Amino acid sequence: LDTETTSLDEMQARVVGISLCVQAGEAAYIPCAHDGPGAPAQLPLAEVLAALKPWLESPRHAKVGQHVKYDWHVLRNHGVQVRGYVHDTMLESYVLEAHKPHGLDSLAERHLGRKGLSYEDVCGKGASQIAFSQVDVAQATQYSCEDADFCLAVHGALIGRIDADEKLRYVYHHIEMPVSEVLGRVERNGVLIDAALLERQSHELAQRMSALEAQAVELAGQPFNLGSPKQIGDILFGKLQLPVVKKTAGGAPSTDEEVLDKLAQDYPLPRVILDHRSLSKLKGTYTDKLPKMVHPQTGRVHTHYAQAVAVTGRLSSNDPNLQNIPVRTPEGRRIREAFIAPPGHRIVSADYSQIELRIMAHISGDESLLAAFARGEDIHRATAAEVFGTPVDQVTSEQRRYAKVINFGLIYGMSAFGLASNLGIERSAATAYIDKYFQRYPRVKQYMDDTRATAKHLGYVETVFGRRLWLPEINSPNGPRRGAAERAAINAPMQGTAADLIKLAMIAV
């Protein structure tokens, strides 16, 4: 089952035509809303949907699609709630080979050795691209029927490989397919925002940015554009002769956040530029943009959750990204106030505490780490006590901070050099801290060594639930690439298991 539509925005898209394929090599396209030059008479969309609705809404009639959540939304726009989606070829590919592309064209070439018409072949590219409703019906029929046929054939090529492996079968049938339906409902519901509050915040941010611009000009001794890296570089390293911390690939002095943050420790202007950048991002990304993204029919903001993007199994959110609403600054936290519950309702927040560290304890089986969690201890304080040989109640705030960086750093494969940079200490001291950590938590070290070896042998690691996390560069002759893959091998099982647990919780709720 596939739909051709007017838009990639699933909440706004309308059906142009529907294609169906019930056996290999045979497909049908039902054009309903082609209005280009010379378009023939077509069945009215309302009549087509009325005829198909009993089948579409029947859970007894199994359906296969490519990125079924999109088609589910589109048909919901027309009052049809599709039931019986049992397979999604995009998710089949994602479960089998998360590190590869999952578009239907790519899947057909890779698994069937077939290449059909692309969207650009029928609609064109760039400024000259036409809407699908303008495409000639004969060409649209070929394109859409190919898609439906490819989808069914790709499903046939992939599902057997999934079902033959007990772990992959669980991930696909009990995590990815059920959570796809949950995500569809979450997207459909959307979230209310207080647009008036965001507008007031935008005005306040503009005033503060203006004040920072005036301050920057005074410190620089001349006007310049705070949004231009080149002009910032000219002022900082040309006129003011500040030390160059690092250079860009093109050889120019870098003015990225890391550089400015370092310079801000000794000079006032870099801090002003950083503050201006922070406010500018909040204004452009949130206070100005979110009110414009309110859906005209629902009055809500509707994000899109992408399931088949992050190789670890994590979800990504876009248009707008509601997973990264700022929280670290007072201004960022104020933006969260604009997300509101409808009258008579409340917004409930639920999260897992230190989930990846708990998973590390579980996977490694380290007795000391498991015992600390079992006792309900502050894990960073407990780690500090172990590493520094201090009673828990005598751990200082600085020792706890060091332990926190070590705990999370080692999960992400941080080296002694990285730890030293993060804590602002000598590399030898960082090495000593890591050695002490592994002495106190020896099973963690054993887990890391075993995982690297397994990854090199198999080319992938797994989550607790059996999701495969592929590491194409794990045996690369390129040192930095191999090192990055080795770090990913350590972290991916924790990150991926956390993603699986959260998806299972979403399904259960």
Of residues in the stretch 14-62 being hydroxyl-bearing (Ser, Thr, Tyr) and buried (at least 18 other Cβ atoms within 10 Å of the Cβ), the one farthest from Asp149 (Cα to Cα) = Tyr29
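Among the residues of the stretch 389-403, are any within 25 Å of the chain's Cα centre (by Cα) and either assigned to a helix (DSSP H, G or I) or outside the structural domain of Arg443 (by TED's automatic domain parsing) (or both)? Full working, then the answer.
Going residue by residue through the stretch 389-403, those that are within 25 Å of the chain's Cα centre (by Cα) are none.
For the stretch 389-403, residues within 25 Å of the chain's Cα centre (by Cα) and either assigned to a helix (DSSP H, G or I) or outside the structural domain of Arg443 (by TED's automatic domain parsing) (or both): absent.
What residue, among those in the stretch 232-267 that are within 18 Å of Leu279 (Cβ to Cβ) and assigned to a helix (DSSP H, G or I), is nearest to the chain's Cα centre (by Cα)? So that I can check it myself, show each step before the final result.
If we filter the stretch 232-267 for residues that are within 18 Å of Leu279 (Cβ to Cβ), which is where we start, we get 232, 255-257, 260-261, 264.
Those left that are additionally assigned to a helix (DSSP H, G or I): 232, 257, 260-261.
Details: Ile232: 32, Glu257: 22, Leu260: 27, Asp261: 27 Å.
Looking at the filtered set, the residue picked out is Glu257.
Just one of Ala138, Ala108 is over 23 Å from Tyr305 (Cα atoms), of a type in the set (A, V, I, L, M) and surrounded by 22 or more Cβ atoms within 10 Å (Cβ to Cβ); which is it? Give the steps one after another, and end with the answer.
Details: Ala138 fails: surrounded by 22 or more Cβ atoms within 10 Å (Cβ to Cβ).
It is Ala108.
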Would you pick out the residues in the stretch 338-363 that are surrounded by fewer than 12 Cβ atoms within 10 Å (Cβ to Cβ) and either closer than 30 Å to His276 by Cα or of a type in the set (S, T, N, Q) (or both)?
-> Ser349, Ser353
Could you look through the stretch 210-231, keep only residues that are touching a residue at least 24 places away in the same chain (Cβ under 8 Å), in a helix (DSSP H, G or I) and surrounded by fewer than 19 Cβ atoms within 10 Å (Cβ to Cβ), and pick out the one that is nearest to the chain's Cα centre (by Cα)?
-> Pro229
Of the numbered conditions (1) modelled with pLDDT under 95; (2) farther than 30 Å from Arg76 by Cβ; (3) of a type outside the set (Phe, Trp, Tyr), Gly299 satisfies every one except a single condition; which is it?
-> (2)
Which of (1) among the hydrophobic types (A, V, I, L, M, F, W, C); (2) touching a Leu at 6+ places or on another chain (Cβ under 9 Å); (3) over 28 Å from His295 (Cβ atoms) is the odd one out, the single condition Ala108 does not satisfy?
-> (2)
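So if I check each of Val259, Val272, Val301, which one is without any contact (Cβ under 8 Å) to a residue 24 or more places away in the chain, touching a helix residue (DSSP H, G or I) at 6+ places or on another chain (Cβ under 9 Å) and buried (at least 16 other Cβ atoms within 10 Å of the Cβ)? I'd like the intermediate steps shown before the answer.
Working: Val272 fails: without any contact (Cβ under 8 Å) to a residue 24 or more places away in the chain; Val301 fails: without any contact (Cβ under 8 Å) to a residue 24 or more places away in the chain.
The conditions single out Val259.
The values are calculated or read from the model by the stated rules, or taken from the named source; none is laboratory data. Since this is a predicted model, take the numbers as computed values, not measurements. Please note: Cβ atoms are built from the backbone with ideal geometry, for glycine as well, and neighbour counts cover all protein chains shown.
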